[in-house]
């Protein structure tokens, strides 16, 4: 059994089943591994041996990106996923933070580096004849090093929803652990086809997509996510497995349902952060099983979602997972609910998800000891995620630590409100966040995106709120922005700090304001 990606990739070298399916061509595993070996040899020959061999990849989801990942695994050097949505100084900071000496890019992204100051960095466009010649003339691969399970395979930046992205050091063992667990759970084999539409510079695509295909010896379909192209892609490539993070299920479900949507080969959709409603609806509409769990790039807190998981819960934690008050460093009380399901003791039960056993598989943030120390305090790993746990051990997310709101003297968190608002079928996506109260504390604001064919009037929304017996009147949104779209990261996570920055004034938007129990007529200013 392989202990490293270097070993596992090598076992695919003589496999003649399909590894990569593109729109116009396909490659066997034998061809893919040979190309990755050649690239690794060329990278090693080009690199400065006196410097850390860290290779940035600034590419989309393409066969070239898959080759770059495999080359790093085989070559025993560190690959650094560069976020393709970053620009200018921010992009330069990311590349410098992870000490890249080479950056591999493609024609679609090369221009992003044209005016970026990158001292000591060699930029290589993998589509050029010069690079092809260097690969063609490279010697037989002699790995930079024979790696061990705990050696770093990849630097993956966090999403940056609550601050500047941080580079997580991802060991070979973490990627293997994630992939092998999913392969075993879903019985995937080399006859399966994995649809990889989440950005391959991010952890979800690596842990729940690329590693799964590699572990099963299955075919990979690299793609850019598109709600309208999703089903045609699945059918054209015969995809049986897909991974997701954030809101892709909601985007797809917002499209008009067709009577033959279930006629497709997809069996399994695995990911995290989907709403319960979307999980159930996606499975029904497309005839597949959807498994949603909790995940983060750091992988220090592991929570699994078994079949009997109650609605709203993300599952039960591995040993050591607990919920602590960050102020007192004491475990929070068990959550108590009234007959409607409303949380009665939010202040006492809500705290931060921690791993009391330590850091788990988290190896720290590269070149950022301050951020690492913030995560590792009091002998525990602090996730930054708020949650509460019921008497049976089921865990419910309450938002990020920045999502606390103080409304009329009561502490509220955003995630429970969002779960309730998504019961309204007209709403496709929602973000709840605090805005300043005119006197003291916060008020609740909700930004909603409707389904493609849906309409919603203020009065209908008000009647819906009145019917939710488990929604405290203090949790009713004071302001509602009916948006065409919401600002989000490349990994489909909503950027609430940008929403907060927009304030409550319409400024060209459609914003409703609640006066007492009623919402005023929608208003908009140019």
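FYI, it's all coordinate maths here, none of it is from the lab. Owing to the predicted nature of the structure, the values given are computational and were not obtained by experimental measurement. Methodologically, a virtual Cβ is constructed for each residue, glycine included, from the backbone with ideal geometry; neighbour enumeration extends over all protein chains shown.
Only Cα sites of segment 1-56 enter the Debye sum here, all with the same form factor; the resulting log10 I(q)/I(0) across q = 0.20 1/Å is -0.85, listed in q order.
By the count of neighbouring beta-carbon atoms within 10 Å, fewest first, 292, 307, 276 end up ordered 307, 276, 292. Using only the Cα atoms of segment 433-526, build the gyration tensor, take square roots of its eigenvalues as a ≥ b ≥ c, and label the shape rounded, prolate or oblate: rounded if a/c is under 1.5, else prolate if a/b is larger than b/c, else oblate. It is rounded, given that a/c, with a ≥ b ≥ c, falls under 1.5. Out of every Cα pair in segment 325-475, what percent are spaced more than 18 Å from each other? Within segment 325-475, distances greater than 18 Å cover 64 percent of Cα pairs. Ordered by the count of other Cβ atoms within 10 Å of each Cβ, fewest first, 386, 118 give 118, 386.
Against the longest principal axis of the chain, how steep is helix 29-46, in degrees 0 to 90 to the nearest 10, with axes from Cα atoms? Helix 29-46 sits at roughly 80 degrees to that axis. Averaging 1/r over each pair of different alpha-carbon atoms in segment 376-437 and inverting the result gives 13.5 Å, the Kirkwood hydrodynamic radius.
Each 10 Å bin from 0 upward holds the following percent of the Cα-Cα pairs of the chain: 4, 18, 28, 26, 17, 7, 2, 0.
Among 203, 383, 10, the ranking by other beta carbons within 10 Å of each residue's beta carbon, starting with the fewest, stands as 10, 383, 203. When only Cα pairs below 8 angstrom with a gap of at least 6 residues are kept, the chain shows a relative contact order of 10 percent. For segment 309-403, the antiparallel share of DSSP beta bridges with both residues in that region comes to about 100%.
The angle between the Cα long axis of helix 276-286 and the longest principal axis of the Cα atoms of the chain comes to about 60 degrees, rounded to the nearest 10. Helix 63-75 versus the longest principal axis of the chain: what angle, 0 to 90°, nearest 10, using Cα atoms? Taking the Cα atoms of the chain, the angle to 63-75 is about 70 degrees. What whole-number distance in Å separates the alpha-carbon centres of segment 246-272 and segment 449-480? Distance between centres, Cα-based: 25 Å. P(r) for segment 448-497, from all Cα pairs and a bin width of 5 Å, is 4, 15, 21, 21, 19, 15, 4, 0 %, short bins first. Here the sum of -39500 (n - 2.57) over DSSP H runs of 4 or more residues, divided by the residues of the chain, equals -7500 deg cm²/dmol at 222 nm, to the nearest 500. For segment 127-207, a Kirkwood hydrodynamic radius built from all Cα pairs, placed in the Stokes-Einstein relation at 4 °C and 1.567 mPa s, yields a translational diffusion coefficient of 81 µm²/s.
Ignoring solvent entirely, what values of log10 I(q)/I(0) come out of the Debye formula for segment 1-119 at 0.09, 0.11, 0.23 Å⁻¹ when each Cα is a single scatterer? Ignoring solvent entirely, the Cα scatterers give -0.27, -0.40, -1.31. With the convex hull drawn around the C-alpha atoms of segment 309-403, the volume per residue stands at 108 Å³. Using only alpha carbon pairs under 8 Å that are at least six residues apart, calculate the relative contact order of segment 406-519 and give it in whole percent. Result for segment 406-519 is 25 percent. For segment 215-374, the Kirkwood estimate of hydrodynamic radius, built from reciprocal distances between every pair of different alpha carbons, is 18.5 Å.
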